[in-house]
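Below is one structure; the comments refer to it alone.
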Amino acid sequence: MNGHYKFVNTPLPYAYEAMEPYIDKQTMYLHHDKHLQTYIDNLNRTLSSYPEYQGWTLEQLVINAPCLPKEIQADIKNNSGGVFNHRFYFSNLANPASPQPVGILDQSIRNEFGSHAEFQRQFKASALSVFGSGYAWLVVNAAGRLSIITTKNQDTPLEMGLVPVLNIDVWEHAYYLKHYNQRAGYIDDWFHIVNWDGANQNYMRCFPTIF
Ligand code: MN3
């Protein structure tokens, strides 16, 4: 994956129809090739006039947006966040997928939430609670513990000092063609295609000295 400007929309690591029947092919195509592409195009367009920031990585842009000139702060924040959040979301899908968490993440989820079922209940409730557009996340918080949070629009956990493990996009464009206004049905379907291996790797990267 390219590290900095010009940002490129890397292909999905699976076919557009790979998440059927849980997420339909048309939604995956539009989500990746149109929605994510627009964030990438807008980010590149904004950076094109500011060569001093073209060497920054996506993560640097996300975290350091408040350091940028006022006139591009909002554009950089929204578009770098949009690219980061979508890449993270697409990387967290797999079909077929393990029906439940794996590895050390499985153990930590049971320690923190009591059971996978209870984690799933809380995560779904959080994803349903996002008013308007945003995401629900499983993150590692400052105390090194798993926590469920939500973010609005294209805000990211990075700017809050949190380490993302897993996310679900609950903007309507992520599900409207198949699930219409039924966000709960989309969330239930999404649980069938969570890439738990990838989430476990995200989690283990947070504790390199332990694992
Ligand atoms: Mn989206």
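State, as an integer percentage, the relative contact order of the chain based on alpha-carbon contacts under 8 Å between residues 6 or more apart.
It comes to 24 percent, rounded to a whole number.
Rounded to whole Hz and in sequence order, give me ³J(HN,Hα) for the range 77-94 from the Karplus expression 6.51 cos²θ - 1.76 cosθ + 1.60, θ = phi - 60°, writing x for Gly and Pro.
4, 5, 7, 5, x, x, 5, 4, 4, 6, 4, 5, 4, 5, 6, 9, 10, 8
Quick one: dipole size for the range 88-195, taken about the Cα centre, charges +1 on Lys/Arg Cβ and -1 on Asp/Glu Cβ, in debye to the nearest 20. Walk me through the numbers on the way to the answer.
Numbers: 7 positive and 9 negative charges, 26 e Å.
The calculation lands at about 120 debye.
Quote the charge dipole size of the range 169-211 about the Cα centre in Debye, to the nearest 20; the model charges only the Cβ of Lys and Arg (+1) and of Asp and Glu (-1). Walk me through the numbers before you get to the answer.
Numbers: 3 positive and 5 negative charges, 19 e Å.
Around 80 debye, computed over the range 169-211.
Which of the chymotrypsin sites (Phe, Trp or Tyr not before Pro) found in the range 69-138 are loop residues per DSSP with 11 or fewer other Cβ atoms within 10 Å of their Cβ?
Values: sites: Phe84, Phe88, Tyr89, Phe90, Phe113, Phe119, Phe123, Phe131, Tyr135, Trp137; in loops: Phe131.
The qualifying sites are Phe131.
Do any chymotrypsin sites (Phe, Trp or Tyr not before Pro) in the range 1-67 lie in a DSSP loop with no more than 11 other beta carbon atoms within 10 Å, and if so, which? The partial results should precede the final answer.
Values: sites: Tyr5, Phe7, Tyr14, Tyr16, Tyr22, Tyr29, Tyr39, Tyr53, Trp56; in loops: Tyr5, Phe7, Tyr14, Tyr22, Trp56.
Taking the range 1-67 and a limit of 11 other Cβ atoms within 10 Å, no loop chymotrypsin sites (Phe, Trp or Tyr not before Pro) are found.
Which one of Phe119, His31, Pro21 is farthest out on the positive end of the charge dipole of the chain, using unit charges on Cβ (Lys, Arg +1; Asp, Glu -1) and the Cα centre as origin?
Positive-end residue among those listed: Phe119.
Around Ser133, which amide H atoms from residues at least 5 apart in sequence, or from another chain, sit under 5 Å from its own amide H, with H modelled in the peptide plane?
Asn153
Once phi is turned into ³J(HN,Hα) by the Karplus curve 6.51 cos²θ - 1.76 cosθ + 1.60 with θ = phi - 60°, what whole-Hz value does each residue of the range 7-21 show in order, with x for glycine and proline?
My calculation for the range 7-21 gives 6, 10, 7, 5, x, 4, x, 7, 6, 4, 8, 5, 9, 4, x Hz in order.
Past 32 Å, Cα to Cα: identify those pairs from Lys34/Lys152; Lys6/Lys124; Lys152/Lys178, in the order given. The partial results should precede the final answer.
Values: Lys34/Lys152 20 Å; Lys6/Lys124 36 Å; Lys152/Lys178 23 Å.
Among Lys34/Lys152; Lys6/Lys124; Lys152/Lys178, the Cα-Cα distance tops 32 Å for Lys6/Lys124.
Across the range 168-182, in residue order, what do the Karplus-derived ³J(HN,Hα) couplings come to in whole Hz, using 6.51 cos²θ - 1.76 cosθ + 1.60 with θ = phi - 60° and x for Gly and Pro?
10, 7, 10, 4, 4, 5, 6, 8, 5, 4, 9, 9, 6, 8, 8
In debye, nearest 20: dipole of the chain around its Cα centre with unit charges on the Cβ of K, R (+) and D, E (-)? Could you put the intermediate results ahead of the total?
Details: 15 positive and 19 negative charges, 41 e Å.
Roughly 200 debye for the chain.
Classify the range 45-110: rounded, prolate or oblate, from the alpha-carbon gyration tensor (a ≥ b ≥ c, eigenvalue square roots; a/c under 1.5 rounded; otherwise prolate if a/b is larger than b/c)? Let's see the in-between values first.
Working: a/c = 3.71, a/b = 2.70, b/c = 1.38.
Here the range 45-110 falls in the prolate category.
What stretch of the chain, leaving out the sites themselves, is the longest with no trypsin sites (Lys or Arg not before Pro) in a DSSP loop having at most 14 other Cβ atoms within 10 Å? Write out the running numbers ahead of the final one.
Values: sites that count: Lys6, Arg145.
Longest gap between qualifying sites, sites excluded: 7-144.
Here, each number is a calculation from the coordinates, and none is a lab measurement. Only a predicted model underlies this, so the values are computations on that prediction, with no experimental measurement involved. Counting neighbours? That spans all protein chains shown, and the Cβs are built from the backbone with ideal geometry, glycine included.
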